[in-house]
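Laboratory data are not the source of any read-out in this text; all were calculated from the coordinates shown. Fair warning: this is a prediction, and the values are worked out from it, not measured in the lab. Methodologically, a virtual Cβ is constructed for each residue, glycine included, from the backbone with ideal geometry; neighbour enumeration extends over all protein chains shown.
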Amino acid sequence: MGVFDSFRRKPEPQAEFSPHRGYYATHDGLDYEDWDNRLDRLDDALAAEEKKRLRFWQRDYWRGRRKRWWAGRILAGLIGLFIALVAWLAITAPLSKSLEPIAAPQITLLAADGTPIARNGAITDEPVEVAKLPPHVVEAFLATEDRRFYSHWGVDPRGIARAAWTGTGGGSTITQQLAKFTFLTPERTLTRKAREALIAFWLESWLTKDEILSRYLSNAYFGDNVYGLRAASLHYFYRKPENLRPNQAAMLAGLLQAPSAYAPTKHYDRAEKRMRIVIQSMVDAGYITEAEARAMKPPALDVRTRNDLPTGTYFADWALPEAREFTEQGYARQTLTTTLDSRLQNIARQVTQRAPLGEAQVALVAMRRNGEVVAMIGGKDYAKSPFNRATQAKRQPGSTFKLFVYLAALRAGWSPEDRIANTEITEGSYRPKNARERYSENLTLEEAFAQSSNVAAVRLLGEVGSEKVIATARDLGVTSPLAQGDPSLALGTSTMSLLELTSAYAAVAANEYPVEPHAFARPERGFFENLWDGPSSLSSSTHSEMERMLRAAINEGTGRAAMLRGPNYGKTGTTQDNRDALFVGYAGDLVVGVWIGNDDNSPLAGGISGGGLPARIWRDFMNRAMNVKAAPSQPAPREQDDPGGPIEPLDVPEIDDIPIGDGNSRLRIREGEAIFSTEIDGIPVDITFGEGGVAIDEEAIEEARRRADERRYDVIRDRRDERLREMEQDAGN
């Protein structure tokens, strides 16, 4: 039975070994594939943990990456680079920029009465549309600039290869040229060429071919300061581009290679030869036949607009940036009326030209109390030196800066009657001196300001504090750096422009601060605008006290040479070693500043001071500007009662720099000697009367005589040359 039992019995299922943590079966039931997967996951986990400890600059960080991982990262990087590139182009090369003129359009500045002053900027006109141009106009430009324009994608490999093989042409397409002069600088580098090609592709993807060609023709330079086909067509042929004849279009197309060299107004023979090359290119491109080419004759010019105005003056150069702010972006020319008064500008020019300056330079600024600049002289000759010494030069204002010191004292509670020591400063590291070593026990503030006492100003600065003085200067519109805590600040050692200084005096004149100088009329502020954000002003008492001291400086102090018949206010200024001489003041509605100095900051010849020549220039300008006769140097004799006693020395005003005659001569009293100073042909001459008799500077007389002889010989030579030219012309006729 036991044998049969082995057949009858069903095999009983064997119990599986229960899994146990940490132990694995080794019998036939083991799943090796699962085992391998578990080991792989374990290895991956260990590798990931190891990767976390690595840094991206270590080589092992990048090893072992799968191709799919690398491909994903590279693709993401390219997409990010493309997005950044598009954003960069949108910022640095917006499409709208190609619709703007590449050169600032022409602006004509007029004086307040409509008199033209200057014309500056490029000659431009409205853009052209290719669809409205005759075919022969478009074909002339395509034949010479880019024959494959309508078939390439912005960059023409065939054109580049042809230029490299033949050595002629730049290989740049019209699209590349538009990208170059619209978005890029003219530098010749591989980086710029790469950016040029990139922008060309970008332009081709966003604009149609006709739009690109229209923008190119509207911005290209055609010589004679003319930009754009419409402006060039009107300038050279007085025709609209839609009406150009084939020969005219060919000549204009030829100018693009070298506009200045081929401009027909100056080099017609060159322009004609270049036109022939363009015509042959049109034949080669199949646009015209040989017979049509032979029939084209050189066109006649019809230039009707001439620019007889200067491109710049001292005033125009200063006003132009403000003018650009008023003009809208576009191709249209602008004509703007300025605040300049042509009559006052002529007066300013005359009084400065006739002043005995020698080798020194001069600057003059005249403005209304509201800041409207009505006259400006920035130097003796704009043609020789366009540097504007009224607006660009930063020079020391000297004692004219004392305005801020004394005004700060008045705002702090001082009064013109308060006294301050006028004795010599003998202590401390800074020991300023008074002019001609004149000292006294003390002076009132009014006297100290009128006499321009240096020691009193330095002491007053110490009493008031440099912080308050600087704050006062800032309130009046001074923006130049001012040295805080420096006692020399009181004597005007911090530099600023004459325009800035004159504007501060205008703020006192108007009792509204700050006054901003401007070249174009501004609308008056409304009541609510003034109430909300209006200008500040001094108290009536402070303002009247400051004007009282400014008037004393002219009537009784260092500015007597500037005295007018009516109310006048001002202050002299002279820097160390007479390097700068200034006078700034106001009368009526005019505020005027005058500066004299050398460009190299050397001392002025003859010891010119602010109370001398600058004050006389100021007086001459004011007298003519306000149609006022000058006050006589000495009062006319008149009958008066006997004073009844001896006249004390202090009752006699100090005699100093008495103007004589036309103001170019003066009499000075120095240590018992009388010195008569005058000008002979621009040479200062001093004649001294003293105990030793009369002394004359013979060298100066001889120099004046030599210059007079040179001028006489120059006149004779000019007349002779003119006669020779007339004889040559007669012989030619």
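Quick look at the values:
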item	result
Stretch gain in nm, segment K384-T426, where the contour uses 0.36 nm per residue and the Cα spacing is subtracted	10.4 nm
Fraction of alpha-carbon pairs over 15 Å apart in region 332-371 - percent	56
Sorted peptide list for 379-390, 210-221, criterion being average Cβ within 10 angstrom, highest first	210-221, 379-390
Alpha-carbon Rg with Dmax, taken over region 236-313, Å	14.3, 53
Peptides ranked, highest mean first, by Cβ atoms within 10 Å: ranges 471-480, 598-607	471-480, 598-607
Farthest toward positive dipole pole in region 545-613 [+1 Lys/Arg, -1 Asp/Glu at C-beta], among L582, G597, N568	N568
Estimated distance in nm for a label pair at H267 and S537, the labels positioned 7 Å out from Cα along Cα-to-Cβ	6.4
Ordering of 551-559, 255-263, 395-403 by packing [mean C-beta count within 10 Å, highest first]	395-403, 551-559, 255-263
Geometric extent, Cα atoms of region 360-431 - Rg, Dmax (angstrom)	18.5, 51
